[in-house]
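S.K.: This is the structure I want to talk about, given as structure tokens.
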Ligand code: ADP
Ligand code: MG
């Protein structure tokens, strides 16, 4: 039997019948809606808001970037349609496209701001953006009609059919909503979607997996803005009248609440949240004065008890029932190489220095790693070992020195380009993508640009499964990585690095935090890797293991290289014994 599809992403066309069915349901629903203006308005509001809130799923749910400006993008779409059709006599869809394009461009700009800013600061920037738009729409009366707003926004013709009737227009809104929701749902399992989630869960690790963090964030903001504006444009046609107060900060908060309430990690959650917050107040009206209090309390209760939103609660239960992938997979291709040790230097580091203020964490270190060897980097705690790996992989800028990798000067490259050049690593403090499954984590590694793997989803999945197989974790492929033990998370990290078929693997204390059994298993894994000829730089404190696997050892102390050479020479070196081992090995044994 061939590999069972590990998820719907393996075959994109499989989603088409589902999409058609959903569109049909949307159309039927719009026909069944009671033909009363008031009720149609509520549905129209739910559908158009739903579109915008689905946009929030991209930026906040997938990419983890807080945006409190979705109403501003919604407003840009709405004003695009309103001003375009009323003042400039444009076709509805042309005006919509212009609004969406402007919103998309501003979204990209806002995304670029996320380069330097994260968390609260980014949130503040999005709030400012939102406020600026409100001020402009209110005060630029000559262009925007000011606080009076724009009246008599027309509804469009589509394929010669007038969508002027309430139900017809609702049909357009619902079908758009369904298509957007399905597209965003599919996005999650694409390369870009995985990159977004990786950035959300751990942007440092994402960058060392070859993901361009800035591009990914910018794409998320841009997409989210485009979707938000699409919803807004349809909103303008739905209500035929818009004014600046409909796109204020308060509305951005409402949209954020909708997303969080339903579950921001999925478009279905977003739609559930939107539906509830639009319809709940209408249902609760019979409570007269106290309805707002009841409504507020309901929202608070749901958020407190279901932190992942309503959909998050359901999704977690569905995931627990997922079955492991059991069919045969191919071997990791890197393991087929005959790892001949050569004289070629893969990683050549000269005069590398890294100072933190007055502290010289690295102070003029030279290291040459030959292809096909296992090179151990040892030294006491705080001697600069992790700093060395961080500088080599581009997370820190060196104070001085030069790094050559595979015949190329990489000293100035950002982390993702170093990964694409063939450097993969693990972290002393595990950095896995906790919001993703084991398989998805490793797929991110397999998607390394430059990996010799079929670029289609099937090829990536196979490579990821092969890497998981190699570390003995394939049966856990569908588990959320956060539910694994510490030792198993380490294996996932190693598999993620291996899946990219790197030229060289840097392992920063892979045995840290493991118990005795796990350490032994890891030792075996290292020996297997060595047997297959991958070039490895490993930091480890277990001298028995180092002696068994290392072809070459470099010892650091206070950021300086104090010994370098074959295991026997180095471990018997008096300076090394004094600085690190404490006593000669024969006595230690
Ligand atoms: P090792 O991995 O060998 O235990 P590290 O490379 O982590 O040591 O640290 C070397 C020295 O650099 C330590 O004194 C540590 O406190 C310091 N250091 C490491 N990273 C930073 C940083 N980001 N900022 C300031 N000091 C740092
Ligand atoms: Mg360290």
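S.K.: Pick from region 556-576 the residues that are at positive phi and part of a loop (DSSP other than H, G, I, E, B): which of them is nearest to the chain's Cα centre (by Cα)? Talk me through it step by step, then tell me what you get.
M.R.: Here is the first cut: in region 556-576, the ones at positive phi are 558-559, 565.
Right, trim to part of a loop (DSSP other than H, G, I, E, B) and you get 558-559.
Numbers: 558: 36, 559: 34 Å.
Of everything passing the filter in region 556-576, 559 is nearest to the chain's Cα centre (by Cα).
S.K.: Among the listed residues 65, 70, identify the single one that is in the same structural domain as residue 206 (by TED's automatic domain parsing), within 19 Å of residue 254 (Cα to Cα) and at pLDDT 95 or above. Let's see the steps before the verdict.
M.R.: Working: 65 fails: at pLDDT 95 or above.
Going through 65, 70 in turn, the sole match is 70.
S.K.: Another one. When the residues of region 483-538 are filtered to those that are surrounded by fewer than 23 Cβ atoms within 10 Å (Cβ to Cβ) and within 16 Å of ligand 1 (Cβ to nearest atom), which remaining residue is modelled with the highest pLDDT?
M.R.: Filtering first and then ranking leaves 508.
S.K.: Now for a different question. Just need a number here: residues in region 400-428 that are out of contact with any helix residue (DSSP H, G or I) (no Cβ under 9 Å at 6 or more places or on another chain) and within 16 Å of ligand 1 (Cβ to nearest atom).
M.R.: Number of matching residues: 1.
S.K.: Could you look through region 405-437, keep only residues that are closer than 27 Å to residue 475 by Cα and either over 14 Å from the mean Cα position of the chain (by Cα) or not assigned by TED's automatic domain parsing to the domain that holds residue 471 (or both), and pick out the one that is surrounded by the fewest Cβ atoms within 10 Å (Cβ to Cβ)?
M.R.: Filtering region 405-437 down to residues closer than 27 Å to residue 475 by Cα leaves 424-437.
Still in the running and either over 14 Å from the mean Cα position of the chain (by Cα) or not assigned by TED's automatic domain parsing to the domain that holds residue 471 (or both): 424-430.
On the way: 424: 26, 425: 26, 426: 27, 427: 24, 428: 16, 429: 9, 430: 19.
Per the stated criteria, the residue is 429.
S.K.: With the structure loaded, tell me whether residue 412 is without any contact (Cβ under 8 Å) to a residue 40 or more places away in the chain, away from ligand 2 (no atom under 16 Å from the Cβ) and in a loop (DSSP other than H, G, I, E, B) or whether it fails that test. Let's see the steps before the verdict.
M.R.: On the way: without any contact (Cβ under 8 Å) to a residue 40 or more places away in the chain: yes; away from ligand 2 (no atom under 16 Å from the Cβ): yes; in a loop (DSSP other than H, G, I, E, B): yes.
In short, yes.
S.K.: So, one more: Identify, from the list 402, 479, the residue that is within 22 Å of residue 193 (Cα to Cα), away from ligand 2 (no atom under 16 Å from the Cβ) and surrounded by fewer than 20 Cβ atoms within 10 Å (Cβ to Cβ).
M.R.: Numbers: 402 fails: within 22 Å of residue 193 (Cα to Cα).
On inspection, the qualifying residue turns out to be 479.
S.K.: A follow-up question, please. Consider only pairs whose beta carbons are under 6 Å apart and that are at least six residues apart or on different chains; among these, list those whose first residue lies in region 164-193 and is without any contact (Cβ under 8 Å) to a residue 60 or more places away in the chain and whose second residue is surrounded by fewer than 23 Cβ atoms within 10 Å (Cβ to Cβ) and not in a helix (DSSP H, G or I).
M.R.: That search, which allows pairs on different chains as well, returns 164/155.
S.K.: Let me ask something else. Return a yes/no flag: does region 356-364 have any residue that is free of Cβ contacts under 8 Å to residues at least 24 places away in the same chain, within 33 Å of the chain's Cα centre (by Cα), more than 14 Å from ligand 2 (Cβ to nearest atom) and in a loop (DSSP other than H, G, I, E, B).
M.R.: Yes, region 356-364 has at least one match.
S.K.: Right, next: Determine if region 365-382 includes at least one residue that is within 13 Å of ligand 2 (Cβ to nearest atom), out of contact with any helix residue (DSSP H, G or I) (no Cβ under 8 Å at 6 or more places or on another chain) and not in a loop (DSSP other than H, G, I, E, B). Don't jump to the end; show me each part of the working.
M.R.: Going through region 365-382, the residues within 13 Å of ligand 2 (Cβ to nearest atom) turn out to be 377-382.
Checking the rest, the ones that are also out of contact with any helix residue (DSSP H, G or I) (no Cβ under 8 Å at 6 or more places or on another chain) come to 381-382.
Pick out the ones that are also not in a loop (DSSP other than H, G, I, E, B) and you get none.
Within region 365-382, not a single residue is within 13 Å of ligand 2 (Cβ to nearest atom), out of contact with any helix residue (DSSP H, G or I) (no Cβ under 8 Å at 6 or more places or on another chain) and not in a loop (DSSP other than H, G, I, E, B).
S.K.: Looking at 62, 49, 38, which one is surrounded by fewer than 21 Cβ atoms within 10 Å (Cβ to Cβ) and out of contact with any strand residue (DSSP E or B) (no Cβ under 8 Å at 6 or more places or on another chain)? Steps first, answer last, please.
M.R.: Details: 62 fails: surrounded by fewer than 21 Cβ atoms within 10 Å (Cβ to Cβ); 49 fails: surrounded by fewer than 21 Cβ atoms within 10 Å (Cβ to Cβ).
Selected residue: 38, the only one of 62, 49, 38 that is surrounded by fewer than 21 Cβ atoms within 10 Å (Cβ to Cβ) and out of contact with any strand residue (DSSP E or B) (no Cβ under 8 Å at 6 or more places or on another chain).
S.K.: May I pose another question? Which condition number in (1) under 27 Å from residue 529 (Cα atoms); (2) surrounded by 23 or more Cβ atoms within 10 Å (Cβ to Cβ); (3) more than 13 Å from ligand 2 (Cβ to nearest atom) is the one that residue 391 fails?
M.R.: Answer for residue 391: the failing condition is (3).
S.K.: Filter region 544-561 for residues that are over 22 Å from residue 423 (Cα atoms) and in contact (Cβ under 8 Å) with a residue 60 or more places away in the chain and give the result. Before the answer, list the steps.
M.R.: At the first step, the residues of region 544-561 found to be over 22 Å from residue 423 (Cα atoms) are 544-545, 547-548, 557-561.
Those that are over 22 Å from residue 423 (Cα atoms) and in contact (Cβ under 8 Å) with a residue 60 or more places away in the chain: 557, 558, 559, 560, 561.
The values are calculated or read from the model by the stated rules, or taken from the named source; none is laboratory data. A quick note: this is a predicted structure, and the numbers were derived from the prediction, not measured. Note that each Cβ is placed from the backbone with ideal geometry, even for glycine, and that neighbours are counted across all protein chains shown.
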